[in-house]
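No value in this document is a laboratory result; all are computed from the given coordinates. Keep in mind that what you see is a predicted model, and the values were worked out from it rather than measured. Backbone-built Cβ (ideal geometry, glycine too); neighbour counts: all protein chains shown.
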Amino acid sequence: MDKNSIVIPDWEFLTHEDILQLLRSEDKNVLEPLWQQADEVRKRFVGEEVHLRGLIEVSNICTEQCAYCGIRVKNPHIKRYRMTLEEILESVRMAQRFGYGSLVLQAGESAAVMPTDWVTEVIKEIRKISDQAITLSLGERPENDWQAYRDWFSAGANRYLIRFETSNPELFQRLHPGHPGLERRLFALKKLREIGFEIGSGVMIGVPGQTWDDLANDIELFRTLELDMIGVGPFLPHPETPLGREFHENPERRIVPNNEEMTLKTVALTRLVCPKANIPATTALACIDRSMGHRNGLARGANVIMPNVTPEKYRQLYEIYPSKASTAEAAEIFDKILKEKILSIGRKIGKGRGNSMNKK
Ligand code: SAH
């Protein structure tokens, strides 16, 4: 079939080949129907509400070596921090004032700096003052420590985010030196679901070495895993990381572009294969298009935004990718502008926790 003559099959019937063709297409006549279908499916399955999740970057201390991430253990150039309980509660109160229905506690990974009991205590203290859904994005605990996840769930956490980053086991290994492998990451997601969490995952787009097939497989894996939440964003090269250096030094390793259009195509296809999932217009997307990134994501399948409520003094230190900090207006200003943007495209500000529609 001529690549210009592709007709998007109904979302239920998208095959690997369809996904590949759509990812590779740059033809307006192909992409317009994709945007439209993604927006219709979004409207039909998750409605007009845009759910806001207050992101708290609890700590940038990390013992891992993820080859893409600016807060990896081997970056000696950043000052490390862990927020105090009182600072975290202050961020929670801010998110409550803004009416955000849920919180996301995200951090680098260090069982020594964030012991299980400390996290449990934080969750319990938040629960005393807040009815918001609590999402954890604290990575994988070492040594298959499922008890930690169970404790956190019992303490009142509701959701867990861990991106699998890529469905290609070899690429996964290159991205995560020293990690036991993709299978364990996927097993952790399964365990988290069994424990009772809503589960979220996702990938980066345009990582050096990622092929078109890889990205199409990623999208298909979203469908297989029946995820409640799916976050996708462009890979943003960080100069203090092996992958950031590879990006600049070996342009021939760049296969899938890490640009806005690729991200939007991935968001749209993700919506089509997982119609009920909560899908954010991510901060990384907003970083590469500061004026329209969020709105474009919302118009092409996304229904969630995660505004940052981390204290400003820490935000600049949580530099998983460059220039992230400089996008961070004061939370009040960001909140006001964001809500205006949401209303300006005819959407509603989400009320309540914005739970997964998967079980409904
Ligand atoms: N330690 C936690 C939180 C990591 S930050 C964990 O690993 O789950 C959350 C996400 O940010 C990661 O899953 C990754 O997909 C994304 N990220 C990290 N570095 C990035 C980069 N350089 N460019 C784009 N996204 C990045």
Original post:
Using alpha carbon centroids, what distance separates segment 89-136 and segment 250-294, in Å?
Top reply: 27
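Hey, with R₀ at 45 Å, roughly what FRET efficiency would Thr116 and Gln36 work out to, going by the Cβ-Cβ distance, to 0.05?
Numbers: r = 47 Å, r/R0 = 1.04.
About 0.45, to the nearest 0.05.
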Original post:
At a Förster radius of 35 Å, what calculated FRET efficiency corresponds to the Cβ-Cβ distance of Thr63 and Asp27, to the nearest 0.05?
Top reply: 0.15
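Express the C-alpha Rg of the chain as a ratio against the empirical globular expectation 2.2 N^0.38 Å, rounded to two decimals.
On the way: Rg = 19.2 Å, N = 360, 2.2 N^0.38 = 20.6 Å.
Rounded to two decimals, the normalised Rg is 0.93.
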**OP:** Output the lone cysteines of the chain: those with no second cysteine's C-beta under 4.7 Å from their C-beta.
**Re:** Cys62, Cys274, Cys287
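How far, in nm, would the chain grow between Thr211 and Asp145 when pulled straight, counting 0.36 nm per residue and subtracting the alpha carbon separation?
On the way: separation 66, 0.36 × 66 = 23.76 nm, distance 3.31 nm.
Full extension of this stretch gives 20.5 nm more.
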**OP:** Work out the charge dipole of the chain with +1 on the Cβ of Lys and Arg and -1 on the Cβ of Asp and Glu about the Cα centre, then indicate which of Met114, Pro9, Ile78 is farthest towards its positive end.
**Re:** Met114
**OP:** Using per-residue counts of other Cβ atoms within 10 Å, averaged over each peptide, order 149-156, 303-310 from highest down.
**Re:** 303-310, 149-156
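Given a Förster distance of 25 Å, report the FRET efficiency between Gln316 and His248 from their Cβ-Cβ distance, rounded to the nearest 0.05.
Details: r = 23 Å, r/R0 = 0.91.
E(calc), rounded to 0.05, equals 0.65.
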Subject >> Estimated distance in nm for a label pair at Met357 and Val73, the labels positioned 7 Å out from Cα along Cα-to-Cβ >> reply: 4.2
Original post:
Whose amide H sits under 5 Å from the amide H of Glu49, counting only residues 5 or more places off or on another chain, with H placed in the peptide plane?
Top reply: Lys348
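Helix-only estimate, please: 222 nm mean residue ellipticity of the chain, summing -39500 (n - 2.57) across DSSP H runs of length 4 or more and dividing by its residues, to the nearest 500. If you can, show how the numbers build up before the last one.
On the way: 14 runs with 153 residues, N = 360.
Value at 222 nm, helices only, nearest 500: -13000 deg cm²/dmol.
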Subject >> Extended-chain gain in nm, criterion 0.36 nm per residue less alpha-carbon gap, Arg93 and Arg127 >> reply: 11.1 nm
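Relative contact order of the chain, please, whole-number percent, based on alpha carbon pairs below 8 angstrom and at least 6 residues apart.
On the way: 670 pairs, mean separation 86.8, N = 360.
Result for the chain is 24 percent.
At 0.36 nm per residue, and after removing the present C-alpha to C-alpha distance, how many nm does the segment from Glu48 to Arg80 gain when stretched out fully?
Numbers: separation 32, 0.36 × 32 = 11.52 nm, distance 3.94 nm.
So the chain would gain 7.6 nm between Glu48 and Arg80.
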**OP:** Could you pull out which residues in segment 13-48 have an amide N less than 20 Å from a spot 7 Å beyond the Cα of Asn259, following the Cα-Cβ vector?
**Re:** 20-36
**OP:** Using label points projected 7 Å from each Cα along Cα→Cβ, tell me how many nm separate Asp10 and Phe187, to one decimal.
**Re:** 4.0
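So which of Lys276/Lys348; Lys43/Lys339; Lys191/Lys359; Lys28/Lys339; Lys313/Lys336 end up more than 25 Å apart by C-alpha? Walk me through the intermediate numbers first.
Working: Lys276/Lys348 17 Å; Lys43/Lys339 19 Å; Lys191/Lys359 17 Å; Lys28/Lys339 30 Å; Lys313/Lys336 21 Å.
As for pairs spanning more than 25 Å Cα to Cα, those are Lys28/Lys339.
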